[in-house]
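Note sheet for the following structure.
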Amino acid sequence: MAMPGFVLQVRPRDDGDAAMRVGFTVTKKIGNAVVRNRMKRRMRALARDLLPTKGITGADHVLIGRQGGIERDYQALTAELAKALARAASPETAADQRPREPRVHHGRGKGRGPRGGAHRPPATPPQEPARS
């Protein structure tokens, strides 16, 4: 659920553990280390306030800081997280949050050839002329 100050990702776990887990991440695009750490502290405080009552039991919650989230009012962030958690707990979004099958990669590594360009199929060997 994307909000102006952060993005919330919620994924239910199938291991039977009812504990809520939470993670925080802020990219370098947001600012220097001081700004990123301040944003993470604000997100930790939000999670401490709202997750025990509004979080989804047995799920992983990830808060991703967005540009401008550090300047937003704390009360606005609290309202946004409550709204995002309510949307994540609704039955319509619960079907979208079921664990997905792992992706299967076919092919060669990252799809790059020996020169770093796009992957090219192997060249066909030269064919001998037909003999009569």
Accessible area per residue, Å², region 1-82 with all protein chains present, probe 1.4 Å: 57
Table column - 3J(HN,Hα) (Hz), region 73-86, Karplus curve with 6.51, -1.76, 1.60, x for Gly and Pro: 5, 4, 5, 5, 5, 4, 5, 5, 5, 4, 5, 5, 5, 5
Placed amide H near Phe6: partners under 5 Å, 5+ positions off or other chain: Arg66
Given charges at Cβ of Lys, Arg, Asp, Glu: region 2-88 dipole, positive-most of Phe24, Leu8, Ile70: Ile70
Full-stretch length increase - Arg11, Arg38 - with 0.36 nm per residue and alpha-carbon distance subtracted: 7.2 nm
Carbon and sulfur %, accessible surface of region 1-42 computed with the full protein complex present, 1.4 Å: 51
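Counting only pairs 8 or more residues apart or on different chains, how many lysine pairs in region 2-88 have their Cα atoms under 24 Å apart? Write down the numbers at each step before the final one.
Details: Lys28/Lys40; Lys29/Lys40; Lys40/Lys54; Lys40/Lys83; Lys54/Lys83.
Lysine pairs, 8 or more places apart or on different chains, close enough: 5.
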Fraction of antiparallel bridges per DSSP, region 2-88 only, in percent to nearest 5: 60
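Going by average Cβ density within 10 Å per residue, which order do the peptides 57-65, 28-36 take, highest to lowest?
So the order, starting with the most tightly packed, is 57-65, 28-36.
The values are calculated or read from the model by the stated rules, or taken from the named source; none is laboratory data. Owing to the predicted nature of the structure, the values given are computational and were not obtained by experimental measurement. Cβ coordinates were reconstructed from backbone atoms using ideal geometry, including for glycine residues, and neighbour counts include every protein chain displayed. Areas reflect the complete protein model, heavy atoms only, side chains present, ligands, DNA and RNA absent. Shrake-Rupley method; radii C 1.70, N 1.55, O 1.52, S 1.80 Å.
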